[in-house]
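Participant: Below is a structure I'd like to ask you about.
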Amino acid sequence: MQPVVSCSGVATLNSLDAVKSREFKTRNISSCYLSITAVYQILQRPCPNNRISLPLLCGSYRYDVWRCPSINTMKNRLLYLSSVLSAQLLSAEAQTELPLQDAAFEIRVVADKLSDPWELTNGPDNHLWVTESKGYRVLRIDPASGKKQVLADLNKERKFPRFDKVAKKDGGIPWPQGGLMGMALHPSLLTGKPFVYLAYIYDYKGNPGNVNGGQSGGGHKFLQRIVRYTYDPQKAKLIQPVILCDTIPASNDHNGGRLLIAPVNDKHYLFLSIGDMGAGQFSNGARQNKAQNQYSYEGKVLRFNLEADEDDLKENQWIPNDNPFNASGQNAVWSTGHRNPQGLTYAEINGVERIYAVEHGPYSDDEVNLIEKGSNYGHPLVVGYDDGNYNGLAASVSDKEDYPGVWNTSYPLIKDEKANARQIGAPYRNPVTSFYPTGNKLLTELYQNIKKGGERQEWQSFAPSSVEVYQSEAIPGWKNSLLIPTLKGSRLIRVKLDNNGKVANSNVYEYVRGQVRYRDVAVSNDGLKLYLAVDSSAVSSGPSKADPMQVSYRGCILELTYKSETAHSYNGTKENPASYPPSLETLLSFERKNM
């Protein structure tokens with residue numbers, strides 16, 4: 001079978017029916033080919049709805065090849081597809097130079113020498129509010145001058161040492177993932193409700209009998225709390241702390257940690273995303289996963305009151321009385337089945353209130369989810385869509401033979417994703433989109449290699465760290481887009497939403513690629529500036545650790561000022577910019593017919 005073109009990472013296409021049924025998976029491996037036979041199988045068929053999009057992935061970029069009635073012969077169809085691939089996908093260098101993008105920015109450093117900035121919020125006072133995850137400080141930064149004010153120093157609230165700095169023996173105790181993480185400003189911060197809500201890890205519950213602190217159930221256990229402070233603008237300090245909840249589980253892995261204030265039926269509430277503690281992977285590989293247990297706060301999105309209600313018990317006053325799982329007692333759980341949701345955001349789109357979350361997939365399928373009351377997002381029984389690509393696998397794998405299960409993990413074996421989704425029932429929700437879905441065959445090969453203790457394995461993912469909805473008219477075509485900073489691949493990505501708040505198409509736009517880990521994003525009031533928080537370190541919880549020596553602009557806040565549309569949008573309109581590859585007319589000068 002002769003290839004049309006050979007390119008590291010080119011998607012293998014099987015059939016049109018496979019594409020339509022979502023069973024088509026991109027193959028992110030080197031030296032895979034797009035065969036003439038596969039092209040013929042796809043292009044010889046009638047064209048429903050005039051055209052369909054065939055997503056091709058080369059390296060880390062997605063390309064949409066349109067099959068149109070104007071390409072009216074098999075010869076022309078093959079010529080077009082071959083020309084597209086030859087022009088755009090022939091070399092890895094070309095992929096790096098031509099990401100899918102539609103805007104140019106001027107970039108400068110607003111503030112640096114920060115201790116892992118985690119939350120970045122554009123406040124109503126036109127200042128940037130920042131939390132330092134390892135520095136345990138809350139900062140207020142003037143974006144024009146970079147001048148910093150320390151509003152709060154919470155190091156005295158942290159009841160454990162800087163494990164990342166102390167001398168380690170036999171691996172030592174790891175730093176918890178995050179530290180001081182989420183922050184949310186009350187909508188009426190400057191008009192009568194001067195409240196600032198913080199989420200941070202404050203205590204370590206390790207086993208002193210173990211030399212490295214690990215507990216018999218696996219992993220390292222910490223505690224997290226949510227605290228409300230009052231902002232005093234005259235003193236430029238956060239004062240009068242009030243604890244909302246101090247029994248939230250935490251770990252050295254998958255803590256989530258994003259806070260969000262959003263309305264539900266015209267009343268504002270506080271939401272907190274919580275990961276699954278990494279239960280089932282790496283040092284937590286034998287720890288029981290509780291993402292499906294509605295009475296555990298692990299692997300959930302939680303909802304709290306912004307102010308205490310009049311319940312008799314003090315511990316219940318911060319939990320809304322209409323939360324979905326209150327039948328057996330007050331319960332902060334709002335949604336279940338999450339792996340590691342590090343991003344939460346809210347937007348009203350076409351009159352409908354929407355809460356979006358982004359979360360990490362294990363070896364594929366990073367997710368964007370619409371968070372709804374009482375819904376279940378499948379983890380660890382479904383990964384990404386319920387399309388079966390994890391059938392026969394689990395949500396993780398290890399080479400540790402003393403860990404439980406077929407794949408050496410406490411995660412349950414996924415026999416059939418569709419069956420699992422049916423068993424969950426009406427609460428089950430597929431993601432609105434899933435990045436880098438990978439086929440079952442390739443995942444199985446990857447799992448087998450990891451289980452055998454093979455050489456270090458790599459896989460394609462974004463590792464989304466946060467999310468913001470861009471709702472300004474300032475940048476053409478951007479209104480109602482998700483802005484998602486990433487930890488892997490070092491980029492800011494943009495995904496367009498339709499009028500129903502769902503992902504409009506498969507286009508993924510990429511900006512400011514570099515060798516850093518972007519932690520959070522914020523938008524200026526006029527919509528012309530974006531701000532990015534950049535990690536100080538380059539260490540993740542698992543084997544996908546970047547080389548710290550190659551990371552630049554670490555521990556800072558970047559400002560991106562919109563300058564213009566780029567020349568890369570070939571034939572698009574301002575509202576719907578064209579994507580790569582270039583249009584049919586640009587490449588081959590075919591005349592469009594029957595459209």
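Participant: If you keep only loop residues by DSSP, which chymotrypsin sites (Phe, Trp or Tyr not before Pro) in segment 270-300 have at most 15 other Cβ atoms within 10 Å of their Cβ?
Facilitator: Here the chymotrypsin sites (Phe, Trp or Tyr not before Pro) that fit, given the DSSP loop and packing criteria, are Tyr295.
Participant: Among 521-531, 420-430, what's the highest-first ranking by average C-beta atoms within 10 angstrom per residue?
Facilitator: Ranking, from highest mean packing down: 521-531, 420-430.
Participant: What is the packing order of peptides 255-268, 380-393, taking the mean over residues of other C-beta atoms within 10 Å and listing the highest first?
Facilitator: Descending mean neighbour count gives 380-393, 255-268.
Participant: Find the accessible area per residue for segment 115-339; the probe is 1.4 Å, ligands and nucleic acids are left out, and the unit is Å².
Facilitator: With the other protein chains kept in place, segment 115-339 gives 39 Å² per residue.
Participant: Another one. Sort largest first and round to whole Å: the equivalent ellipsoid semi-axes of segment 262-333, each the square root of five times a Cα gyration tensor eigenvalue.
Facilitator: Three semi-axes, in Å: 27, 13, 10.
Participant: Report, ordered by chain and residue number, the aspartates and glutamates lying within cross-link reach of Lys205, taken as a straight Cα distance under 20 Å and ignoring same-chain residues fewer than 8 apart.
Facilitator: Straight-line reach from Lys205, under 20 Å: Glu157, Asp164, Asp170, Asp246, Asp253, Asp276, Glu298.
Participant: Are any of the pairs Lys113/Lys488; Lys148/Lys488; Lys300/Lys418; Lys290/Lys452; Lys113/Lys165; Lys134/Lys267 more than 25 Å apart by Cα-Cα distance, and if so, which?
Facilitator: Lys148/Lys488; Lys290/Lys452; Lys134/Lys267
Participant: Roll a 1.4 angstrom probe over the protein heavy atoms and tell me the percent of accessible area of segment 445-535 that is carbon or sulfur.
Facilitator: 40 percent
Participant: Quick one: with all protein chains in place, what share of the accessible area of segment 115-339 is carbon or sulfur, to the nearest percent (1.4 Å probe)?
Facilitator: The nonpolar share, carbon plus sulfur, comes to 47 percent.
Participant: For segment 338-446, which GluC sites (Glu not before Pro) pass both filters: DSSP loop (anything but H, G, I, E, B) and at most 11 other C-beta atoms within 10 Å?
Facilitator: Counting only loop positions with at most 11 other Cβ atoms within 10 Å, the GluC sites (Glu not before Pro) in segment 338-446 are Glu401.
Participant: Rank these residues by their accessible area, most exposed first, probe 1.4 Å: Trp407, Trp129.
Facilitator: Output order, biggest surface exposure first: Trp407, Trp129.
Participant: Here is a further query. Give the peptides 326-332, 231-237, 373-379 in descending order of average Cβ contacts within 10 Å, highest first.
Facilitator: 373-379, 326-332, 231-237
The values are calculated or read from the model by the stated rules, or taken from the named source; none is laboratory data. Every value quoted in this text rests on a predicted model; they were computed, and no experiment measured them. Counting neighbours? That spans all protein chains shown, and the Cβs are built from the backbone with ideal geometry, glycine included. We work out accessible area using only protein heavy atoms, side chains counted, and drop any ligands, DNA or RNA first. Shrake-Rupley method; radii C 1.70, N 1.55, O 1.52, S 1.80 Å.
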